[in-house]
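Comments concern the structure below.
The values are calculated or read from the model by the stated rules, or taken from the named source; none is laboratory data. Predicted model, so just to flag it, every value in this text is computed and none were measured. Glycine gets a Cβ as well: all are built from the backbone with ideal geometry, and neighbour counts include every protein chain shown.
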Amino acid sequence: MDWPEHITQAAQRIAGYVRQTPVMQIDVPGVKNPVSLKLEHLQHTGSFKARGAFNTLLSGPVPKAGIVAASGGNHGAAVAYAARQLGHPARIYVPEIAGPAKIALIRDLGADLVVVPGAYAQAAAQALEWQQNTGAMQIHAYDAPATVAGQGTLFREWQSDQGLRAETLVVAVGGGGLLAGAMGWFQGQRRILAVEPTGAPTLHTALRQGPDAQVDVGGVAANALGARQIGRICYDLAQQQGVAPLLVGDDEIIQAQTWLWRNARLLVEPAGAAALAALMAGHYTPSQTEHVAVLLCGANVAPDPLAAVVG
């Protein structure tokens, strides 16, 4: 597949529906040169997921039955938002571990919300059953070409519109749609470091045991980086490009999350801090001349820090 062409078409398709999120430079402990941060947690609904949702819905006709999606939280919110903006009904299945902040966000966006006992896999199974019974369009959270191309627009924007100059890019991995978008856009022209929590080593396991490998998931970032099985698109691209994941622990993620708030007043959820955690914890040490860029991918902190004030 010609990913750069598909991503360019997606960028044209979703222009006007998504935000161009800002970039900032910051000094990070243990890193010689300033790190470029892409503040994608400022995207609509607090994550990059709106890009893939809009690209999917704008790529073809939507059935009268509307849209269905399974999500750990961020994808569901993005689909609910895109569906509302475009005038389509949406039914979203989320696992209990999505947490109250993300569940409330999806409900506030007007979707028909179903909270499912268990983890993402159980929500995905029920979403598939609903699709088969009703004919609704399913928007996969990470393993569909339109989703991947939409997420890839983030990296096109970063490079083409904002002049990304770093040799090395650090990206968190859940199911792999975001990482696949990065690999699809750069085509091996940048070093890409994939970062996973130790509680959900999905890509790490698949690259050793095969693409059908499944893992048990847990930890502080499980409601965003908690896919049990890596997407096949991501797996294939990672194998082709030799991308191997770094693993970060919960304590390291929380330290990075706290550091971002205290030093830059950037409030991100654990998944949004995972990529930076790999640098701060020394799992990757840049050379003296190397420039590094880090993606902050999500902002839906639980509990909502202003819930008591608003409610």
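Quick notes
- Any hit, region 176-187, residues being assigned by TED's automatic domain parsing to the domain that holds Val35 and surrounded by fewer than 20 Cβ atoms within 10 Å (Cβ to Cβ): yes
- Per-region count, region 57-108, residues touching a strand residue (DSSP E or B) at 6+ places or on another chain (Cβ under 8 Å) and closer than 18 Å to Asp143 by Cα: 17
- Condition met for Gly72 (crowded, with 24+ Cβ neighbours inside 10 Å and in a loop (DSSP other than H, G, I, E, B)): yes
- There is no residue in region 273-293 that is modelled with pLDDT of 95 or more, small (Gly, Ala, Ser) and touching a Cys at 6+ places or on another chain (Cβ under 6 Å).
- Answer residue from region 256-273, given it is in contact with a Ser or Thr (Cβ under 9 Å, 6 or more places away or on another chain) and either of a type in the set (A, V, I, L, M, F, W, C) or under 14 Å from Val171 (Cα atoms) (or both) and is surrounded by the fewest Cβ atoms within 10 Å (Cβ to Cβ) among those: Ala273
- For region 92-129, the candidate set comprises residues that are touching a Phe, Trp or Tyr at 6+ places or on another chain (Cβ under 6 Å) and not hydrophobic (A, V, I, L, M, F, W, C); within that set, the residue that is nearest to Pro63 (Cα to Cα) is Gln126.
- Residue ranges of helices (runs of 4 or more DSSP H) in region 220-271 with at least 1 members modelled with pLDDT of 95 or more and among the aliphatic types (A, V, I, L, M): 232-241, 250-264
- In the set (1) in a loop (DSSP other than H, G, I, E, B); (2) out of contact with any Leu (no Cβ under 9 Å at 6 or more places or on another chain); (3) in contact (Cβ under 8 Å) with a residue 40 or more places away in the chain, Gly60 fails one condition alone, (3).
- If you go through region 1-15 and keep only what is free of Cβ contacts under 8 Å to residues at least 40 places away in the same chain and over 17 Å from Gln162 (Cα atoms), you end up with Asp2, Glu5.
- Residue that is nearest to His6 (Cα to Cα), among those in region 187-209 that are in a helix (DSSP H, G or I) and in contact with a strand residue (DSSP E or B) (Cβ under 7 Å, 6 or more places away or on another chain): Leu203
- Restricting the first member to region 133-147 and to residues that are more than 17 Å from Ala123 (Cα to Cα) and assigned to a strand (DSSP E or B), and the second to residues that are at pLDDT 95 or above and of a type in the set (S, T, N, Q), no beta-carbon pair is closer than 6 Å while six or more apart or on different chains.
- Every condition in (1) assigned to a loop (DSSP other than H, G, I, E, B); (2) among the charged types (D, E, K, R); (3) at pLDDT 95 or above holds for Lys32 except the one numbered (3).
- Scanning region 83-103 for residues that are in a helix (DSSP H, G or I), within 19 Å of the chain's Cα centre (by Cα) and hydrophobic (A, V, I, L, M, F, W, C) gives Ala83, Ile97, Ala98, Ala101, Ile103.
- Meets criteria (within 21 Å of Ala221 (Cα to Cα), assigned to a helix (DSSP H, G or I) and not assigned by TED's automatic domain parsing to the domain that holds Ile7) for Ala80: no
- Among residues of region 11-31 being charged (D, E, K, R) and exposed (fewer than 15 other Cβ atoms within 10 Å of the Cβ), the one that is farthest from Leu178 (Cα to Cα) is Asp27.
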